[in-house]
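Only the coordinates and a few stated rules stand behind these numbers; no lab work does. Everything numeric in this text was worked out from a predicted model, so none of it was measured. No Cβ is skipped: glycine too gets one built from the backbone with ideal geometry, and neighbour counts run over all protein chains shown.
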Amino acid sequence: MKKKLLELLACPLCGGDILLAYAGKHEDKEIIEGVLSCKKCSREYKIIRGVPHFAEFDKTEQEKIKTAENIDALQKLFTSKLTNKQEHCREQFLDWLQPVKPEFFKDKIVLEGGCGKGSRVISAASLDAEEVVGIDLSSDVEIAFQATKHLPNAHIVQGDIFKLPLKKVFDYAFSIGVLHHTPEPKKAFVSMASKVKKGGAISAWVYGAENNRWIARYLNPLRENLNSKIKQPTLYKLSTLPTLGVFLASKLIYKPVNAILKPVAKHLIYNDYLKNLGKFGWREQHNIVFDQLAAPKFFYISKNEFEDLWKEIGAKDVEIIWRNRNSWCGFGRIE
C-alpha cells in the first residue's frame, strides 16, 4: 500500500479519516504489512501482503462471501503476471466503457468497483489518470497488487462494494461485469456513485436480459445448484470443454464468415458477441467461460432496469449503448 492512498480512504463504518497506525515490512514505496486506524472510531484494519483489508462479514452475508470467494488454489492457475501487455487490451477496456475516450482519464482520480486481478486498473493507470483505486472483495486483490504495484498511480483495496472504505473524492467510477454478479446490482451501483464528487461521472457494463433470457432460464439453475458446489480449481478445469466449443466456433465459423460472407453472418446466433470473442486467444476465452460458470449469482439486466440505475442517482447526460446485442454500456454525470 502506498502512503498516498491514505488521502482517499475512509472508515467503512463511520466515514472517519484513516491513519497509518503501524508500518512494518516495506518493499520500495509499498507498505507490505501494517495496521490502519480510524481517527473517529479508532477501529483498526490490517495491511496484509500490501493490501489494506476493510471487509467484514456476519452470518447473514454468506451470499456475498460465496460470490466473491476465490480460494488460494485458484490463484495458481493464473501464474503469469499482468503487465501493460495484458490480455484485456486497452481497446477492449474502452469498448466496455463506451462512449468514454482515452483522453477522458487524464488527471482524474478513478475508482473501479470489482477490480478482479487488476488488468483494468492497469489500463486506467496507463491512460494518465492521477490515481486509480481498484477495490474487490475476493482474494484476487493479492494478484491485483502484484500486477500493479510497479505503477505509481495504482492502488488496490480489499473491501465490500456495498460498504466502500473511500471518501467522496473521485472524478470517475466504473464497474465492468461486476454489478450483475452482486446480490443487489442497484444498491452496488448507488454505493459506487456515492463516492463520486459533484461534476464527476460513472460508467457500468452489464449483461443484458435481452437475447440472454434462455441462458438465465437454463444456466442460472446450473450455477446455483451444481457449479457453486464444485471447488473453483476443479470447475476451472472442467470449463475447458465448453471453452473448446466456444473457441472453435468463434475462430472457425464466426470469424471467417464475418470476413467473407457478411450477409450470411448476420443470421448467425450471437453473431456480434462471438465475432468479437474471436479477437481473443484461448486463455482469455477460457476465463470468460469460467466466469459464466463460476458465479453463483448472475443477473441479466434489461434496458429498463439499467436505465433505472441512472435515474436512481439522478445522473445527467446519460448514454446507454447496446453492445454486441447482449450487453449494456452506460455513462452518466453526477449532479
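State, as an integer percentage, the relative contact order of region 213-294 based on alpha-carbon contacts under 8 Å between residues 6 or more apart.
Reported as a whole number, the value is 42 percent.
Points 7 angstrom from Cα along the Cβ direction at Lys40 and Lys101: gap in nanometres?
3.9 nm
Antiparallel DSSP bridges in the chain: what percent, to the nearest 5?
Taking every DSSP beta bridge with both residues in the chain, the antiparallel ones total about 60 percent.
Give me D for region 213-294 in µm² s⁻¹, whole number, from Stokes-Einstein with Rh from the Kirkwood sum over alpha-carbon pairs, 20 °C and 1.002 mPa s.
Diffusion coefficient, whole number: 156 µm²/s.
What FRET efficiency would be calculated for the residue pair Leu13, Glu319, taking the C-beta separation as r and a Förster radius of 25 Å, to the nearest 0.05?
It comes to 0.10.
Under the rule of at least 5 residues apart or a separate chain, name every residue whose amide H is placed under 5 Å from the amide H of Lys46.
Excluding prolines and chain starts, which carry no amide H, the hits are Leu36, His53.
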